[in-house]
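K.L.:
This is the structure I want to talk about, given as structure tokens.
Quick note: the coordinates plus some simple rules give every number you see, no bench work behind them. The structure displayed is predicted, hence computed values, not measured ones. As a convention, Cβ positions derive from the backbone with ideal geometry for all residues, glycine included, and neighbour counts pool all protein chains shown.
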Amino acid sequence: MPLILRSTDDHFVLEALNIFNRHDGEKITCPAVAITERNSEGYVKSIRVFIDINPLYA
């Protein structure tokens, strides 16, 4: 579920809430962010994804 999208010509950042289904049937929501960098031709140069998985183990 995307929350916030910020961008410039060569970068964009997406904040999201990812929902995971545990083996016991419980649904857990983990916040995440993805940072994408584009080159001068507009192609993706790099993607970095960060997820806080602490709620899975709480």
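K.L.:
Could you give me the residue pairs with C-beta distances under 7 Å whose first residue belongs to region 33-49 and is surrounded by 12 or more Cβ atoms within 10 Å (Cβ to Cβ), whose second residue is among the hydroxyl-bearing types (Ser, Thr, Tyr) wherever it lies, and which are 6+ apart or on separate chains?
P.N.:
Matching pairs, first to second residue: Glu37/Ser46.
K.L.:
Out of region 6-32, which residues are of a type in the set (A, V, I, L, M, F, W, C) and surrounded by fewer than 11 Cβ atoms within 10 Å (Cβ to Cβ)?
P.N.:
Passing the criteria: only Ile19.
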